[in-house]
Amino acid sequence: MVADPMEILIYIIIGLLSGVVSGMGIGGGTILIPALSIFFGINQQTAQQINLMYFVPTAIVALITHSKQGNIEKDQLKPIIAYGLIGAAAGSYVALWMSSDILRKSFGFFLFAMGVYEFFRKEEKTERSRQNG
């Protein structure tokens, strides 16, 4: 099946924006999930499943890049990974039982709340910025 050129362009833009955001460590799903729902009418569960498949290769690239730059706190990996796996399993089961509408609204509220938090958060000096400045 040949896709419409405009559809291909939208996929390219969504992929590039999601990739940039993923590479920054923010999470490409913040772009990818809403974009798939808005532009292609994909339900929330399917958009999240696509995001999970998208996440693996982009995370590997970002991990390699950040690791080469020394930006990974290796002593914190084990507990974060362990609890992240538990949370991912629990979240997957919850997402399967929720209606797409409630899941979409919950995700939108989460993104909004994180945006408000980041907007009003005071800048904190990190150890790295203290060393550089």
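Every read-out reported here was derived from the displayed coordinates using simple, explicitly stated rules and does not represent laboratory data. Quick caveat, the model's predicted, so the values are computed rather than measured. Here the Cβ positions follow ideal geometry from the backbone for every residue, glycine too, while neighbour counts run over all protein chains shown.
Here are the numbers for this structure:
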quantity: Breaking point among (1) surrounded by 21 or more Cβ atoms within 10 Å (Cβ to Cβ); (2) of a type in the set (A, V, I, L, M); (3) free of Cβ contacts under 8 Å to residues at least 40 places away in the same chain, for residue 17; calculated: (1)
quantity: Residue in the stretch 72-81 that is surrounded by 11 or more Cβ atoms within 10 Å (Cβ to Cβ) and touching a His at 6+ places or on another chain (Cβ under 9 Å) present; calculated: yes
